[in-house]
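Chemist: Mind having a look at this structure? Questions to follow.
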Amino acid sequence: MTAMKTRISRREFIKRTSVAGGTAALAASTGGSLLAATDDASTPALLGGAKAHNKSWPRWPNWDPANDGEVTRVLHGTTWSRSKLVTEFEEKWAAMMGSKHCLAVVNGTNALSASFMVMDLNPGDEVICAPYTFTASLLGVLYKGAMPVFADIDPLTYQMDPVKVEEKITPRTKAILPVHICGYATDMPRIMAIAQRHKLQVIEDACQAHMSSIAGKNLGTFGTTGCFSFQTSKTMPIGEGGAIITDDAELDDKLRSYHNYGFKTKILPGSYDNIAGFILGNKIRMAEYQAAIGLCQIRKLEENTRIRNENAAYLTPRLAAISGITPVKPYPGVDRLSYYMYPFIYDETQFNGLPRATFVKALSAEGIPASPGYPKYPIYTQEFIHEMFKTEVYRKFYTREELDWEGYKARNACPGLMQTFDTSVWISSAGMLLGDRADMDNVVRAVEKIHKHSAKLKTV
């Protein structure tokens, strides 16, 4: 593997990656190595040494038993389906995000799909999509018979590159789908400027980005809609659940109809006084017990986000000081991140050629919850898109050349994404970043141990 061309100096990195002004100040206090003097402590766990972190991380998701009564009241009541608690949750989530309207739904996947289902999107139209994402992001695009077109990411930020987005716009483009992967922020001011120039809608996939913000404006509030997931692993966990926020009252009304069979919004869920459908809809209503859990989780979201950001500001310059580690770079103006994951770029050439897979294995052995991120299976090569191309709708509205599978994959190839697949390391940070400063030092110590003994680790 060749040395990465995107490597920047430590000083420049710190300057460019500062979040909320804390990183640059902390960089000066980084100091020297955190490795202990004893052989056992400085030897990687994978080689028989002691773990850098030998205690439990803060549990995630977590639950305060003092809140049990708020859930059991729903369970012991007679109203389990959507009612007053869901409405209360919607009002509080809208207020917390800084949005005029919020619709709670069963999960983040349906939040995204519903946004596309109610918009003016038809077979033959194109949606520019972020390629570094999960299957769920694209389903609504395909349900509408539209064509997903992929704009490459910036491998330093993991986010779709605005320059690449604009290059992909054609007269058929109707929308842009940015994905705030790992809870990091896409450059939304630039994306929105592009969308406004070309009169495009923007559906924000903020399913991993609760409370992430740019210049005090929360992600999810830039686009036509912002979509969130409350799945168990997220930094706002309910188990399952999702939400759509928007400032467009007419769109909110249409979404409310869609999520309740397409009935007019004045018809309450569970009411059968008038069951005439208004639009083609679905049943994706959040349940009362989901809302009860969510209302409890909202109360600690702000504090948890503050702790994660403070710990990340402490951790980032210390990891950046280790040759071969480049933490993912937030865009200018980003002042808060959810840190659903804490990602960094791994350069094996600075670790004596230690394969990333072995690095991840060694880091995990030190007690640090690490993975290589999404597997090297680009979403634009995945078979579910190919299967849609075989359907009557796609064969009717697109040319044979447009549906040629090998040609489609070639047109949508994203070299920046492929670089990221080969160099990414994710630390599962939802719980980890709720630890204390000693815990953060343990993360740094673990990476230092691996770096020091990387040549020996190649034999494992």
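Values quoted throughout were computed directly from the atomic coordinates according to the rules given, and no laboratory measurement underlies them. Computed from a predicted model, the values in this text were never measured in an experiment. Because the Cβ atoms are built from the backbone with ideal geometry, glycine has one as well, and the counts that use them run over all protein chains shown.
Chemist: If each residue of separation counts as 0.36 nm, what is the full-extension length gain between residue 249 and residue 217 once their alpha-carbon separation is subtracted?
Modeler: 9.6 nm
Chemist: Starting from the exponent 0.38 and prefactor 2.2 Å, build the expected Rg for the chain from its residue count and divide its actual Cα Rg by it.
Modeler: So the chain has a normalised radius of gyration of 1.02.
Chemist: Please rank 240, 402, fewest neighbouring Cβ atoms within 10 Å first, as an exposure proxy.
Modeler: Lowest count first: 402, 240.
Chemist: Taking the Cα centre of the range 65-297 as the origin, how large is its charge dipole in debye, to the nearest 20, when only Lys and Arg (+1) and Asp and Glu (-1) carry charge on their Cβ atoms?
Modeler: 360 debye
Chemist: Can you classify the range 65-297 as rounded, prolate or oblate using the Cα gyration tensor, where a ≥ b ≥ c are the square roots of its eigenvalues, rounded means a/c under 1.5, and otherwise it's prolate if a/b beats b/c and oblate if not?
Modeler: oblate
Chemist: To continue, here is another question. If you take the charge dipole of the chain about its Cα centre, with +1 on Lys and Arg Cβ and -1 on Asp and Glu Cβ, which of 201, 146, 177 is farthest toward its positive end?
Modeler: 177
Chemist: For every helix of n ≥ 4 consecutive DSSP H residues, a contribution of -39,500 (n - 2.57) applies; sum these over the chain, divide by its total residues, and give [θ] at 222 nm rounded to the nearest 500 deg cm²/dmol.
Modeler: -11500 deg cm²/dmol
Chemist: Arrange 103, 354, 200 by Cβ neighbour counts within 10 Å, fewest through most, would you?
Modeler: The most exposed by this proxy come first: 200, 354, 103.
Chemist: Lysines within cross-link reach of residue 264: Cα-Cα under 21 Å, excluding same-chain residues under 8 positions apart?
Modeler: Filter leaves 84, 100, 254, 283.
Chemist: Right, another one. Report Rg (one decimal) and Dmax (nearest whole number) for the range 118-208, counting Cα atoms only, units Å.
Modeler: In Å, with Rg to one decimal and Dmax whole: 12.0, 34.
Chemist: Continuing with the same structure: Strictly over 20 Å apart at the Cα level, which of 92/300; 164/329; 164/199; 144/217 would you flag in this model?
Modeler: 144/217, as the Cα separations exceed 20 Å there.
Chemist: Evaluate the distance, in nm, between pseudo-label points positioned 7 Å from the Cα of residue 56 and of residue 459 along their respective Cα→Cβ axes.
Modeler: Modelled inter-label distance: 3.7 nm.
Chemist: Let me ask something else about it. Tell me which residues come under 5 Å, amide H to amide H, from residue 329 once H is placed; ignore anything under 5 positions away on its chain.
Modeler: 157
Chemist: If we count other beta carbons within 10 Å of each Cβ, what is the order of 426, 63, fewest first?
Modeler: 63, 426
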